[in-house]
Amino acid sequence: MKDSLPIEHLYYTESSLEKILGNLDKVRQNIFPNLSEEKDLLEQSFPSVCLIGLGRCGSNIALDVATLVYNSRNHYLNELEYQDQLAQEREFKPMRWIKNHLPLDSGNGDNPVFLIEPVVLVGDLDKDIAGRIKYSSQAGRQKFLDEYKKLQLMDLSEVHAGGAGNAPILGQYLAKIILNKETSSFRNEDWRHIHSYLVDSCGIKANQSRLYFYIFSAGGGTGSGMASEFGLAQQFSYLSKTFDYQVSPSNQPDKRDSFVFEPIFTSGICILPNISGSSIEVSEALHINAGRLLCKYLSEEWDFSYNVERESNDAPEDVMKRIRPWNSMMLISNDIMRYVEQEESDNGKDIDVNTMEKYANQYISQQIFNILTAQAVTTDYDENYFRRAGIDISETVRLDANDLFMSMAGPVAVAYAESVVNKSVNDDVDIDELFFRSIDLPHFNRDTQAIEGISILPIESQRYKQSLKKYQDSQYNAEELNDLHFFKHCSSVISIISLPKDYKLSFMDLNKLKVHINKLFPNTTLKRYALVIGASANLSLTTLVAKSPCLSDDFLTLVVAYIKRCFAKEEYRYNDDIDQAILRFITQDEFKPEELQEFLWEFENPAKILDTNWYAIKPMYEKKYRELIGEADKFVSINDIRLDFKNVENAIKYLREIYRHRISKTNILSLDNDADGVIHLSPGLHAIEPVKDSK
């Protein structure tokens, strides 16, 4: 990178290309141990997808997804050997879903469906993470750990052997120590290799991974605090290469050490805590932690994507100061998963948080699995098919990093449903009903063993249920729903339709789907469609809804809960003045930050979520930083990473921007005054005489 490029962040990036390539070879050797020949090892590409599970919740989900893919592949390769084992896994519903989800047809001689086996990085501040994973009670887990070499543990106990104490700011600070510290000074050489794979090499030809999913719980301390720091370090390294215009003549495009500009797509997958429920009591600290993460992300997204106050916005140094941790952040609410359990349970009140987490994990596993299988667009459908369905071929995408990079940003919600189809009858699917189930409250599909529904509710559950009933009773009249901000202010939608190999979806059904999306999301700037063939035994529909989920009730509730607890001046902490003020700031035409300042202090107060003396904890962690990173000019105080008033202001500006999002409609223009239904020159303008030529 150019020496003149100002660096606000202190993330360590290995500058030696030779060392980076050497570390990549070590990672490649670990995940492909069967390749003994050096030539074969160097030619082996990394998987295109990487899952990073951070904290206890994130690492569990990442392990679940990897186990699903691994077991599914083995199910093809040796069905009889695994039949008894799979039958015993009654409590592991994701395994049953994935087994039923994939087609088994050994008689046709076709190769089994191609499953991308992702690299899985698992990290936690818990020093016993290896033991926790190894001695998991889940059936079949030990065999998976022995054979799935693409799973790599990030042992971070060298920096801190305990958790973050449910305080995201401590998790964030510990992540800063880990990522600012030179990797060569770590005793654990594995971290040096993983750091080069995840941070140093993203974008270069030798590292073919392009999709990165960070999975974490927003309500905890470790995952919530660490995830965005890891994302920022990766983005900083990637953008540093992007703006390095000095290309050595020896770096020819065909060399493995060359930097090939290919977009990477990174997404946080954020598990939001339970908010409501008659039988659920959740620590308020979980709400505050989640609200901090959401507020921080909106502020960073505003600075990166919308901030019109910035100067020289095309200058590399300005972009480097405004990086965001991920291209998008998918939102999965633990709270709505209780509706699945209510449907399954005889007594809807007998629900425990662990059961809800199990269902949430399955839902996330399904969505990641669907994205893994949507890496290639089918050639079975020609341009004429899409044209007859009313879809331009340019609106179809393959879900690789480039398409996701261009099509999806900001907070994202997921709507999902699937149906069993009869391959011999191609018109037996009710597309209207399939689309409705995808936006319904989460529920369990007994036919397919899938959890369906929307990942975060647009409004409070009972109100949403009533709106859905009106929508269904009116024969899916979108006017019953599209006035909700969740639908009305959505900026982009991606729909993934996954079909069995021999099933042909009629263009009429595809057109119905497009009509539903057009009517329900009236102000989308971008609508994209991906058609996936042969990756599923069922017909499934996944819809990704971008940006507008930040206007949902749950999202706003968490953000305001955090602001009120950690920023509010004493006289406003226990009434609803701030709640009302923030709603007013979002909806009113003009926003004056000085009015917000009347309610808030300049910096967040981390002590508000800890039942201990913050000023005693702070110097302990700062001493750890000084001991592990001895250079005085690289010291970062915990005070430096506190969120401040500007973060809250930016978050409100982002919410205001999305609240006002709409698109202009295309009008048909005509110079023919007799044309009906079009815009033509108004009668008054016909009287204007043409200007005479001057002599």
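Tabulated results
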| read-out | value |
| --- | --- |
| Filtered residues of region 497-526 (kept if touching a helix residue (DSSP H, G or I) at 6+ places or on another chain (Cβ under 6 Å) and within 20 Å of ARG437 (Cα to Cα)) | ASP509, LYS512, LEU513, HIS516, LYS519, LEU520, PHE521 |
| Residue in region 481-495 that is closer than 26 Å to LEU294 by Cβ, surrounded by fewer than 23 Cβ atoms within 10 Å (Cβ to Cβ), free of Cβ contacts under 8 Å to residues at least 40 places away in the same chain and not hydrophobic (A, V, I, L, M, F, W, C) present | yes |
| Output for region 501-527, where each listed residue is touching a strand residue (DSSP E or B) at 6+ places or on another chain (Cβ under 7 Å), β-branched (Val, Ile, Thr) and not in a loop (DSSP other than H, G, I, E, B) | ILE517 |
| Among the residues listed as LYS569, LYS547, the single one being at positive phi and touching a strand residue (DSSP E or B) at 6+ places or on another chain (Cβ under 9 Å) | LYS547 |
| Hits in region 516-537 (condition: surrounded by fewer than 17 Cβ atoms within 10 Å (Cβ to Cβ), among the hydrophobic types (A, V, I, L, M, F, W, C) and more than 20 Å from MET330 (Cβ to Cβ)) | none |
| Single residue of region 208-224 satisfying the filter (hydroxyl-bearing (Ser, Thr, Tyr) and within 14 Å of GLY123 (Cβ to Cβ)) that is modelled with the highest pLDDT | TYR214 |
| Hey, LEU583 modelled with pLDDT of 90 or more and surrounded by 15 or more Cβ atoms within 10 Å (Cβ to Cβ) or not | no |
| Single residue of region 255-298 satisfying the filter (in contact with an Asp or Glu (Cβ under 8 Å, 6 or more places away or on another chain) and hydroxyl-bearing (Ser, Thr, Tyr)) that is modelled with the highest pLDDT | SER276 |
| Which numbered condition ASP693 misses (of (1) at pLDDT 75 or above; (2) farther than 30 Å from ARG584 by Cα; (3) charged (D, E, K, R)) | (1) |
| Flag if ILE459 is crowded, with 19+ Cβ neighbours inside 10 Å, in contact with a helix residue (DSSP H, G or I) (Cβ under 8 Å, 6 or more places away or on another chain) and among the β-branched types (Val, Ile, Thr) | no |
| Condition broken by ASN518, with the remaining ones in (1) within 26 Å of the chain's Cα centre (by Cα); (2) in contact (Cβ under 8 Å) with a residue 40 or more places away in the chain satisfied | (2) |
| Among residues of region 612-670, those that are hydroxyl-bearing (Ser, Thr, Tyr) and in a loop (DSSP other than H, G, I, E, B), counted | 5 |
| Single unsatisfied condition, SER498 versus (1) in a loop (DSSP other than H, G, I, E, B); (2) hydroxyl-bearing (Ser, Thr, Tyr); (3) at pLDDT below 90 | (1) |
| Complete set of residues in region 531-583 that are part of a helix (DSSP H, G or I), closer than 20 Å to TRP326 by Cβ and of a type outside the set (Ser, Thr, Tyr) | PRO549, CYS550, LEU551, ASP554, PHE555, LEU558, VAL559 |
| Residue check for ASN538: more than 18 Å from GLN475 (Cα to Cα) and modelled with pLDDT of 80 or more | yes |
| Number of positions in region 214-233 that are assigned to a strand (DSSP E or B) and either more than 12 Å from SER267 (Cβ to Cβ) or without any contact (Cβ under 8 Å) to a residue 24 or more places away in the chain (or both) | 1 |
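Yes/no per residue for (1) under 30 Å from TYR562 (Cβ atoms); (2) in a helix (DSSP H, G or I); (3) small (Gly, Ala, Ser); (4) touching a helix residue (DSSP H, G or I) at 6+ places or on another chain (Cβ under 8 Å):
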position	(1), (2), (3), (4)
PHE144	no, yes, no, yes
ALA164	yes, no, yes, yes
GLY171	yes, yes, yes, yes
LEU179	yes, yes, no, yes
ARG192	no, yes, no, yes
VAL199	yes, yes, no, yes
CYS202	no, no, no, yes
TYR212	yes, no, no, yes
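The values are calculated or read from the model by the stated rules, or taken from the named source; none is laboratory data. Note that the structure is a prediction, hence the values are computed from the model and not measured. Here Cβ is always computed from backbone atoms with ideal geometry, including for glycine, and neighbour counts include all displayed protein chains.
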